[in-house]
Amino acid sequence: MTALHPTFLHRAMQPTVPLVRADQHRDFPPHWDKARGTLDISRDNIVPLTVIKGAGHESIPLPKGENATTADFHSIRTKTESPAHFTSGFYKIEAGPERPATYTFEETKYVLNGQIDILDEATGITHHLVPGDFAFFHVGSKVKFSTKSQGLAFYAVTRPIRTPHPNLVGREEGKARL
C-alpha cells in the first residue's frame, strides 16, 4: 500500500495545542496502586489531551490504481493494564451541568454532529469540538464535558463495556437475527 502524501499528513496533524506523546510527558506513566486498583491523578500527574481540529474534513487521496486505503492519523502504545479491552460506541451530551471525567484508560472521540466542549484540566484550555474534530484522552487525563446545545461523538476506549447501547444489544454481526 502506498503511503499518504506528506502534505496531507502535515495538514491533518496540526493540533490546537502542542502534541505531547504520553510516553514523553514528564510525569508519565501515572502511579497505579495495584492493591487498591486506583490511579494517582494529582494536579502534577494530569496528562493533556491530543486534539486534531478538522481531522474528518481532510481529503484522503487513493493510491494510483487502488480503490481503497487506510488513513491512520493517531497511534499510541496503550498504558492501560493488561489484558486490555477495546470498546467502541457513541457519546451523546445535551445542555446541562458539566460532566467530569478522570481517565484510567485511553479514549478517542470523533464528533459526528452538534458541539462538545471539553475543559482540559491539565492545560486549562476549553476545546470547542464540532463535526470532524478528534480528541484523544490519555491515561491520566482529567476533563469536564459540556455543551450549549447538544453533541454526538463516536468513541473507542481501552476498557470493557459499561453501558450497552439499548437499541444495539444483540445486534453484533455474529448474533444478528435476520
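Only residues of segment 110-133 count here: report those whose backbone N is under 13 Å from the spot 7 Å along Cα→Cβ of Ala101, or say none.
110-112, 116-121, 129
Between Glu81 and Tyr155, what is 0.36 nm times their sequence separation minus the Cα-Cα distance? Round to one decimal in nm.
24.7 nm
Just to be sure I understand the model, the point goes 7 Å from the Cα along the line to the Cβ. What's the resulting Thr123 to Ala68 distance in nm?
The modelled label-to-label distance comes out at 3.5 nm.
For segment 116-124, take each phi angle, set θ = phi - 60°, evaluate the Karplus expression 6.51 cos²θ - 1.76 cosθ + 1.60, and give the result in whole Hz per residue in order, putting x for glycine and proline.
10, 9, 10, 7, 8, 5, 6, 10, x
Every number here is computed from the coordinates shown, using simple stated rules; none is lab data. The structure displayed is predicted, hence computed values, not measured ones. Counting neighbours? That spans all protein chains shown, and the Cβs are built from the backbone with ideal geometry, glycine included.
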